[in-house]
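One structure is given below, encoded as structure tokens.
Every number here is computed from the coordinates shown, using simple stated rules; none is lab data. Keep in mind that what you see is a predicted model, and the values were worked out from it rather than measured. Note that we place each Cβ from the backbone using ideal geometry, even for glycine, and neighbour counts take in every protein chain shown.
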Amino acid sequence: MQENPSGSYFLHGPYGCGKTHLLYAQYRSLVLSGINCHVRTSTELLNELQRMEFNPDYCSPVFLSCHSKKKYHLLWDDVDKFKMTDFRSQGLFDLIDTIYRNGHSLTLTSNFTLKELVELEKLHPSQIRRIDEICMAVEM
């Protein structure tokens, strides 16, 4: 990560092993490099998606940045800390797919592997495929 701080990573491992600490170190490096980026927890990200759905005058800063052609990096902490619904699944797929199609970067943290996230129904297989294509998995 030190060699490529703007790279995309999927950081996974048990509670307390430093995933969030590493995510924030990457965030600091990105900010100092002048790269447009946001850090969001699952709760914050889903609240932004829901607010966009119910308030047509609001557009999430994350979504605005994802649709920009300017280099962007989303750092998503605790990807496994929510219950999946159809609404959330579609909104998150749109977000991940937009990042993928626009060539942006993504870093995520989780207590589970990508396979376990599907088995536990935390993320849809289509979302996992995109994450797997974008991110390098790093076991902590």
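Here are some notes:
- In this structure, residue 133 and residue 54 have a Cβ-Cβ separation that, at R0 = 22 Å, corresponds to a calculated FRET efficiency of about 0.10.
- For the chain, the mean residue ellipticity at 222 nm estimated from helices alone is -14000 deg cm²/dmol, where every DSSP H run of n ≥ 4 contributes -39500 (n - 2.57) and the total is divided by all residues, rounded to the nearest 500.
- Loop-located GluC sites (Glu not before Pro) in the stretch 36-140, at most 15 other Cβ atoms within 10 Å (DSSP): 121
- DSSP loop trypsin sites (Lys or Arg not before Pro) with at most 15 other Cβ within 10 Å: longest gap in the chain: 1-68
- Directionally averaged projected area (convex hull, Cα atoms, the stretch 1-54), nm²: 4.7
- Sites listed here are chymotrypsin sites (Phe, Trp or Tyr not before Pro) in the stretch 1-79 whose DSSP assignment is loop and whose Cβ has at most 13 other Cβ atoms within 10 Å: 15, 58.
- Short to long, the 5 Å bins of the Cα pair-distance histogram for the chain hold 2, 10, 21, 25, 22, 13, 6, 1, 0 percent of all pairs.
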